[in-house]
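Reviewing the structure listed below.
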Amino acid sequence: MLKPKNLGLRSMNIFSNLHYLCNTMKKIVPLEEGDYYLTPEGYRCFTAQYLLKRGYCCESGCRHCPYGFDKKKLNTN
């Protein structure tokens, strides 16, 4: 049997563990036309359309981030 510490869970309370797991899991968003394009270098670049469907900011400095995150502002400290 897996113990909570092996799963990164905080306690044996099933409800708090379920809440923790649901909030840390990423949802899978199927790709559709217009969700990305290939850069001249061959990289997949996600569009704002896809990033909005995904539903959260990953704070990676995406080129088309619709959430207003700016990695440059974060690193000026």
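Checked against the criterion of being over 23 Å from G68 (Cα atoms), among the small types (G, A, S), out of contact with any Asp or Glu (no Cβ under 8 Å at 6 or more places or on another chain) and at pLDDT 95 or above, the stretch 13-21 contains not a single residue that satisfies it.
Taken over the stretch 51-65, the residue count meeting the criterion of being small (G, A, S) and over 12 Å from V29 (Cα atoms) is 2. Considering Y50, Y36, Y43, the condition of being of a type in the set (F, W, Y), at pLDDT 85 or above and exposed (fewer than 13 other Cβ atoms within 10 Å of the Cβ) is satisfied by Y43 alone.
The values are calculated or read from the model by the stated rules, or taken from the named source; none is laboratory data. Since the structure is predicted, the reported quantities are computational estimates derived from the model, not experimental observations. All Cβ positions, even for glycine, are placed from backbone atoms using ideal geometry, and neighbour counts span all protein chains on display.
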